[in-house]
Number of protein chains: 2
Amino acid sequence: MADGSLNALVEALRRLPGVGVKSAQRMAFHLLQHDRPGAQLLSQALAQAASNVRHCTMCHTFTEHELCDTCRNPQRDRSKLCVVETPADQAALERTAAFKGLYFVLMGKLSPLDGIGPKDIGLEKLFARATDGTVQEVILATNFTAEGEATAHVIGEALKARGIAVTRLARGVPAGSELEYVDLGTIAHALVDRR
Amino acid sequence: MADGSLNALVEALRRLPGVGVKSAQRMAFHLLQHDRPGAQLLSQALAQAASNVRHCTMCHTFTEHELCDTCRNPQRDRSKLCVVETPADQAALERTAAFKGLYFVLMGKLSPLDGIGPKDIGLEKLFARATDGTVQEVILATNFTAEGEATAHVIGEALKARGIAVTRLARGVPAGSELEYVDLGTIAHALVDRR
């Protein structure tokens, strides 16, 4: 694979997360040998998304409009605000159909080691929104990782100081699991948070 | 992630080999949130490669020209022809700097279950080239998988019937390995092919 535009393609594919040299070569080979329409399609989809997709002015998620579909929906309960890290997390919550409120998507998490501070995930905007008088409860649904927990802690403390009711997703034993195979930390949390 | 051009991007990314819904969403999120220049770059690289890259008329590998760099190189020994499955395999052989001949890149392998027959990997063209009077030896360097072995067998038999000298890459114990940890099939082959 020595030619210019082929090398350029392999290099460009390597910018995708989780794609190394071998995978990039395999992808380039597949597209050029077996799926040129797919290559054209992906090229157009990338160009369109890169120029059209922006952030919802209310919840920060990706959208092509001023406001995303969820924020525009009049059926949504505006008194509940659920804070998530990414649009994928939001999608996971939406699939449960158990939450009818609105979201605030951080588009990241606090991560001092990576240089990601409160400004990078729009915390000032979140605090302004949470204290607008409409929101009655903020539900912290960041991930249960070290960084997600730290992010939830920082947001929770700041909102409590402003007199907002803050809750966190329950930690506990996953549905359908046998205690014998659940890790110790999860069982300990489930014991402490028993109801 | 509900909007049109975002969904289109996720769908298009799924056409890449080894990329499912989750990976595609993660890639789309990464490009749109952290690397929009990368998205534009990849878009252009895909469009350019899809329209510029074609097959070398002599060896079938990817190139932007009539003939690839290797086939154009006058320093190459035109009496030796090495048959490989993909450009990546060719690149692996080139990195050894142990082969100075030319290549024929099948751009695939015989795979009846996937409907890939002799015509799809250009065997007629390979036979014509091998019998042009210049080629003295054909070296079969297809992979040592079931399909690669079958492909080598078919090509080998056909060329021998045409009176061409055919060799196959040696099977044996990999360099730097301890016998204790080498699989049985490899040791058995190394015993049979001992020299």
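Among the listed pairs B:80/B:119; A:22/B:109; B:119/B:160; A:22/B:125; A:100/A:160, give every one whose C-alpha distance is greater than 26 Å. The pairs that break the limit, which is 26 Å between Cα atoms, are A:22/B:125. When only Cα pairs below 8 angstrom with a gap of at least 6 residues are kept, the stretch A:60-157 shows a relative contact order of 31 percent.
Summing charges over all other residues whose Cβ lies under 9 Å from the Cβ of residue A:109, with Lys and Arg as +1 and Asp and Glu as -1, gives -2. Shown is the FRET efficiency for residue B:165 and residue B:119, computed with R0 = 35 Å from the Cβ-Cβ distance and rounded to the nearest 0.05: 0.90. Take residue A:109: with every protein chain present and a 1.4 Å probe, its accessible area is about 70 Å².
Could you work out the relative contact order of chain A? I mean the mean sequence separation of Cα pairs under 8 Å and 6+ apart, divided by the number of residues, in percent.
Over chain A, the number comes to 13 percent.
Extents of the stretch A:134-195, largest first, come to 43, 24, 17 Å (Cα atoms, principal axes, whole angstrom).
Quarter the surface of the alpha carbon convex hull of the protein assembly as shown and you get the mean projected area, 26.9 square nanometres. A simple count of charges around residue B:136, restricted to other residues whose Cβ falls under 15 Å of its Cβ and scoring Lys, Arg +1 and Asp, Glu -1, yields +4.
Take each residue of peptide B:17-24, count the partner chain Cβ atoms within 10 Å of its Cβ, and average: the result is 3.
Relative contact order for the stretch A:16-122: 18 percent, from Cα pairs under 8 Å spaced at least 6 residues apart, divided by residue count.
Averaging Cα coordinates gives a centre for the stretch A:150-195 and one for the stretch B:83-161; these two points are 59 Å apart. Here the average projected area of the convex hull drawn through the C-alpha atoms of the stretch A:1-44 stands at 3.0 nm². Projecting 7 Å from Cα along the Cα-to-Cβ direction, the label point of residue A:187 sits 4.2 nm from its equivalents in the other copies, listed shortest first. Site pair residue A:137 and residue B:137 shows an inter-label distance of 7.9 nm when each label is modelled 7 Å from Cα along Cα→Cβ. Placing a label point 7 Å from Cα along the Cα-to-Cβ axis, residue B:157 is separated from the same position in the other copies by 7.5 nm, shortest listed first. Each Lys or Arg adds one and each Asp or Glu takes one away; over the other residues whose Cβ falls under 14 Å from the Cβ of residue A:42, this sums to +2.
Per the helix-only calculation at 222 nm, which mean residue ellipticity applies to chain A, given -39500 (n - 2.57) for every DSSP H run of n ≥ 4 and division by its residues, nearest 500 deg cm²/dmol? Helix contribution divided over all residues of chain A: -13500 deg cm²/dmol.
Counting Cβ atoms of other protein chains within 10 Å of each residue's Cβ and taking the mean over peptide A:26-34 gives 6.
Nearest beta carbon of chain A to the A-to-B rotation axis, with distance in whole angstrom: A:43, 2. Computed from Cα atoms alone, the Kirkwood hydrodynamic radius reported for the stretch B:1-137 is 17.9 Å. The stretch between residue A:96 and residue A:175, if pulled fully straight at 0.36 nm per residue, gains 27.1 nm over its current Cα-Cα span. Shortest first, residue A:173 label-point distances to identical copies amount to 5.3 nm, with the label point at 7 Å from Cα along Cα→Cβ.
The values are calculated or read from the model by the stated rules, or taken from the named source; none is laboratory data. These figures come from a predicted structure and were not determined experimentally. Cβ: placed from backbone, ideal geometry, glycine included. Neighbour counts: every protein chain shown. Calculation scope for accessible area: heavy atoms of the full protein, side chains included, ligands and nucleic acids excluded. Shrake-Rupley method; radii C 1.70, N 1.55, O 1.52, S 1.80 Å.
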